[in-house]
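Heads up, the thing below is written out as structure tokens.
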Amino acid sequence: MAALDDLVKSFKKKEIKGTYIFYGEEPFFIDYLVDLLIENALEESERSFCQNIFYGRDVQMNSLRDMCMTVPMSFTANPRQLVVVKEAQDCAKKMETLYRYIEKPVDSTILVLAFKNTKTLDKKMPTKLATVFKEKDMPKWIQGEFKNAGYTIQTDAVQTIVEYSGTNLERIHNEIQKLIISHNQEKPITSQDIQQSFGIMKDYAIYDFTAAI
């Protein structure tokens with residue numbers, strides 16, 4: 001099972017290849033990883049010809065398999081194509097058509113299957129050659145970030161981050177690192193500490209003040 005931080009680092013370095021399978025019950029990290037991969041997998045000049053994004057409810061599995069097996073038209077020395085299936089849970093019952101390809105993938109194809117509201121994958125799905133990531137629980141991830149740095153954080157403080165931080169995972173991570181540097185390690189992190197430290201809180205503080213008036 002791939003770690004979130006490792007995937008983020010490799011995507012930003014444009015070290016992207018093979019088949020990726022993302023799944024879980026919450027969409028937060030799945031959406032983040034899919035967007036980050038799409039942003040970095042191909043050069044902008046390649047996207048018109050070599051980027052294909054589908055939704056599970058619309059995709060034709062035979063056509064998808066054939067596309068993955070085809071070397072893309074490209075002007076580069078090492079042609080690549082990106083094939084993404086969002087909301088893959090909507091075509092999960094038809095996915096077996098793709099299993100043979102996943103077992104013997106084509107080097108020039110980057111395939112991404114993003115399942116939401118999915119606790120487990122089909123036991124028949126071949127994952128030996130794929131990179132698999134299971135969605136993390138957001139509060140647990142936040143607690144883990146502080147715990148790994150030797151800090152404790154109160155439950156209501158975690159909830160404050162979840163409620164007000166939006167969906168910018170990179171920004172959340174950076175703000176957590178800033179707080180870790182400035183906060184006394186012997187004191188638990190409170191909701192008030194979060195509100196004072198996180199720049200993302202300021203806009204909401206103004207909104208809340210206006211709403212209160």
**Asked** What number of residues in the stretch 61-96 are under 21 Å from Asp35 (Cβ atoms) and either in contact with a Pro (Cβ under 6 Å, 6 or more places away or on another chain) or not in a helix (DSSP H, G or I) (or both)?
**Response** 8
**Prompt:** Can you find a residue in the stretch 138-147 that is assigned to a strand (DSSP E or B), more than 30 Å from Leu111 (Cα to Cα) and either open to solvent by less than 70 Å² (accessible area, probe 1.4 Å) or in contact with a Leu (Cβ under 6 Å, 6 or more places away or on another chain) (or both)?
**Reply:** no
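Conditions (1) open to solvent by 20 Å² or more (accessible area, probe 1.4 Å); (2) under 27 Å from Arg47 (Cβ atoms); (3) of a type outside the set (S, T, N, Q), marked per residue:
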| position | (1), (2), (3) |
| --- | --- |
| Ala77 | yes, yes, yes |
| Cys91 | no, yes, yes |
| Met95 | no, yes, yes |
| Arg100 | yes, no, yes |
| Lys104 | yes, yes, yes |
| Thr109 | no, yes, no |
| Ala114 | no, yes, yes |
| Lys119 | yes, no, yes |
| Met125 | no, no, yes |
**Request:** Would you mind stating whether Ile206 is open to solvent by 20 Å² or more (accessible area, probe 1.4 Å), hydrophobic (A, V, I, L, M, F, W, C) and modelled with pLDDT of 90 or more?
**Result:** no
**Asked** Hey, among the residues in the stretch 148-166 that are assigned to a loop (DSSP other than H, G, I, E, B) and open to solvent by less than 70 Å² (accessible area, probe 1.4 Å), which one's farthest from Gln177 (Cα to Cα)?
**Response** Gly166
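The values are calculated or read from the model by the stated rules, or taken from the named source; none is laboratory data. Please read all numbers here as calculations on a predicted model, not as lab measurements. So basically every Cβ, Gly included, is an ideal-geometry build from the backbone, and we count neighbours across all protein chains shown. Quick note on the areas: whole protein, heavy atoms, side chains included, nothing else; ligands and nucleic acids left out. Shrake-Rupley method; radii C 1.70, N 1.55, O 1.52, S 1.80 Å.
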